[in-house]
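> Questions regarding the structure given below will be posed in turn.
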Amino acid sequence: MTASHPLRASVVIVGYNGEKFLGACLDSLARTDVPSTDYELLIIDNASADGTVALAERFRGRFPHFRILRNERNMGFPAAINQSAGLAESPILVLLNQDTTVERSWLSELLAPLERDSSIAAVGSQVINGRGPGLYAAALEVLYGGICVVHEGDRRTDAVSGCAMGVRVSPFRRVGGFDASLFMYGEDLDLGHRLRAAGYRIAYAKTSVARHEAVRRERASTRVYMFYTARNRTLVCVRNYRRKRLYLLADLFVLFPLTALTELLRSRRRGHAIRWLVEARMDSLRRALEILREPATI
């Protein structure tokens with residue numbers, strides 16, 4: 001359905017076997033204080049095997065500008081978002097995880113900084129742990145080695161979480177979008193590096209509040225989380241740092257062992273986690289060496 005007036009945003013939800021979460025997510029989105037006529041809803045389904053798509057279709061009547069794209073295979077989160085950037089009919093992409101719910105003013109508060117200040121390319125929400133107190137994500141100051149300090153806007157903001165964020169389509173496309181090779185986890189940190197290198201600012205909207213159902217301790221007991229977070233932290237740094245070989249030495253002997261130990265202590269399946277972390281280490285080194293062999297660009 002073509003909009004009769006310019007759309008403010010394109011809300012993008014990447015679906016993957018999210019039937020048990022997606023209904024609550026879409027219901028909360030429909031109740032926000034931005035009329036659904038002012039944005040489009042794009043659902044990119046990564047070959048879900050459950051009832052994710054059928055459930056989403058039941059919400060079609062609540063969103064006048066509603067589209068679903070079904071991929072034949074799971075392409076990963078960053079590739080799916082890149083697809084949405086090619087489909088978007090508005091100037092702002094709004095990323096929202098399928099396992100979140102949002103407060104009534106979430107969308108208006110997220111869009112406000114982007115609509116007010118053209119130097120800002122991306123804005124992140126405050127994301128609260130859905131099953132308990134504390135922050136899941138907020139503003140991120142990224143230290144050397146990809147180690148993040150989560151804060152409430154009182155420090156430097158280098159990146160924001162892709163769990164609930166807004167990003168201008170034009171800068172997103174200009175810097176090449178997300179790195180699809182990461183598959184999942186770390187793509188938001190990588191994007192933050194490239195947006196800032198291109199001269200854009202990143203902001204945090206504390207009053208744009210979402211709740212995330214995931215629990216880090218539970219995720220640390222899955223291969224997907226352990227493998228990709230450990231592997232991708234190395235790859236994001238190698239890709240974006242100038243002194244790549246120096247970083248790799250620090251990563252090999254200090255950074256990877258310390259961050260891997262932190263994740264291992266969170267895990268409830270430590271025997272499996274050790275194997276996943278070894279796999280991540282080997283794959284990250286192989287890919288990092290490939291990056292080092294790439295020809296330099298001017």
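> In region 148-188, what residues are among the aliphatic types (A, V, I, L, M) and either out of contact with any helix residue (DSSP H, G or I) (no Cβ under 7 Å at 6 or more places or on another chain) or farther than 26 Å from P257 by Cβ (or both)?
Of everything in region 148-188, those that are among the aliphatic types (A, V, I, L, M) and either out of contact with any helix residue (DSSP H, G or I) (no Cβ under 7 Å at 6 or more places or on another chain) or farther than 26 Å from P257 by Cβ (or both) turn out to be V149, V150, V160, A164, M165, V167, V169, V175, A180.
> Which pairs have Cβ atoms under 9 Å, sit 6 or more apart or on different chains, and link a residue in region 25-46 that is surrounded by 17 or more Cβ atoms within 10 Å (Cβ to Cβ) to one that is acidic (D, E)?
C25/D99; S28/E103; T32/E103; E40/E89
> Separate question: Give me the residue from region 242-273 that is assigned to a loop (DSSP other than H, G, I, E, B) and open to solvent by 40 Å² or more (accessible area, probe 1.4 Å) and, out of that set, farthest from L292 (Cα to Cα).
Narrowing region 242-273 to residues assigned to a loop (DSSP other than H, G, I, E, B): 242-243, 267-269.
Restricting the remaining residues to those that are open to solvent by 40 Å² or more (accessible area, probe 1.4 Å) gives 242-243, 268-269.
On the way: R242: 11, R243: 10, R268: 35, R269: 34 Å.
Step by step, filter region 242-273, then rank; the result is R268.
> Sort through I120, I81 and tell me the only one that's touching a residue at least 12 places away in the same chain (Cβ under 8 Å), closer than 20 Å to D179 by Cβ and either in contact with a strand residue (DSSP E or B) (Cβ under 7 Å, 6 or more places away or on another chain) or open to solvent by 40 Å² or more (accessible area, probe 1.4 Å) (or both). Outline the logic, then answer.
Numbers: I120 fails: closer than 20 Å to D179 by Cβ.
None of the others qualify; the one that does is I81.
> Ok, one more. Given the condition aliphatic (A, V, I, L, M) and within 24 Å of E89 (Cα to Cα), answer yes or no: does some residue in region 133-156 qualify?
Within region 133-156, none of the residues are aliphatic (A, V, I, L, M) and within 24 Å of E89 (Cα to Cα).
> Here's something else I'd like to know. Please verify whether region 215-226 includes one or more residues that are open to solvent by 80 Å² or more (accessible area, probe 1.4 Å) and touching a Ser or Thr at 6+ places or on another chain (Cβ under 9 Å).
Yes, there is a match, as at least one residue in region 215-226 is open to solvent by 80 Å² or more (accessible area, probe 1.4 Å) and touching a Ser or Thr at 6+ places or on another chain (Cβ under 9 Å).
Residue-wise test of (1) polar (S, T, N, Q); (2) closer than 24 Å to G23 by Cα; (3) out of contact with any Pro (no Cβ under 9 Å at 6 or more places or on another chain).
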position: F63; (1), (2), (3): no, yes, yes
position: G76; (1), (2), (3): no, yes, yes
position: S90; (1), (2), (3): yes, no, no
position: V94; (1), (2), (3): no, yes, yes
position: E109; (1), (2), (3): no, yes, yes
position: Q126; (1), (2), (3): yes, yes, yes
position: L135; (1), (2), (3): no, yes, yes
position: G145; (1), (2), (3): no, no, yes
position: G162; (1), (2), (3): no, yes, no
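The values are calculated or read from the model by the stated rules, or taken from the named source; none is laboratory data. Note that the coordinates shown come from a computational prediction; the quantities given were computed from them, not determined experimentally. Cβ coordinates were reconstructed from backbone atoms using ideal geometry, including for glycine residues, and neighbour counts include every protein chain displayed. In case anyone asks, the SASA skips ligands and DNA or RNA and just uses the protein heavy atoms, side chains included. Shrake-Rupley method; radii C 1.70, N 1.55, O 1.52, S 1.80 Å.
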